[in-house]
Amino acid sequence: MKVEIDSFSGFRIYPSKGKLFVRGDSKIFRFSTSKSESLFLQRKNPRKIAWTVVYRRLHKKGITEEVAKKRSRKTVKHQRGIVGADLATIIARRNQTAQARSQARQAAITKAKTEKKEKEEKKVKTKAPRAPSGAPKVSRQQMKGTKGGR
């Protein structure tokens, strides 16, 4: 027993049922009912008519029990070190208490301040002495002799 498919609705057409329509270009169309034939001849789009098989496939109707939902993959988190610190250092810092962190910060600040102070003191000692303050100040233009003496 050969079962045909309706050209418009997509329903099954059993032997001795339905109509056959042959268009001028010799293309064959089969219709199960006059309703589907009429809509085809009116050039209606079966994708827009709710009871057709094409519409139901397009809008995912009535296939929920056949197809299970697709499972999405869960993202896996990886921990790794970054440029300034390796993973062990990062984990150690994360597990530190707030009090220990603030003490370390204070120690680092005092260390930086003392280093800066020592550097400035060293700079002052190595600086060359300037000309005596009693001598008159002479600008560069005056040294060149371009200003004043006409």
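Yes/no per residue for (1) closer than 30 Å to residue 19 by Cα; (2) touching a residue at least 40 places away in the same chain (Cβ under 8 Å); (3) exposed (fewer than 10 other Cβ atoms within 10 Å of the Cβ):
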position	(1), (2), (3)
53	yes, yes, no
56	yes, no, no
73	no, no, yes
76	no, no, yes
87	no, no, no
93	no, no, no
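Inspect all residues belonging to region 55-65 and state whether any of them is modelled with pLDDT of 90 or more and aliphatic (A, V, I, L, M). Yes, region 55-65 contains at least one residue that is modelled with pLDDT of 90 or more and aliphatic (A, V, I, L, M).
Among residues of region 1-38 being in contact with a helix residue (DSSP H, G or I) (Cβ under 9 Å, 6 or more places away or on another chain) and under 19 Å from residue 58 (Cα atoms), the one that is surrounded by the fewest Cβ atoms within 10 Å (Cβ to Cβ) is 5.
The values are calculated or read from the model by the stated rules, or taken from the named source; none is laboratory data. Computed from a prediction, not measured in an experiment: that's the story for all the values here. A quick note on method: Cβ atoms are made from the backbone with ideal geometry, for glycine too, and the neighbour counts reach across all protein chains shown.
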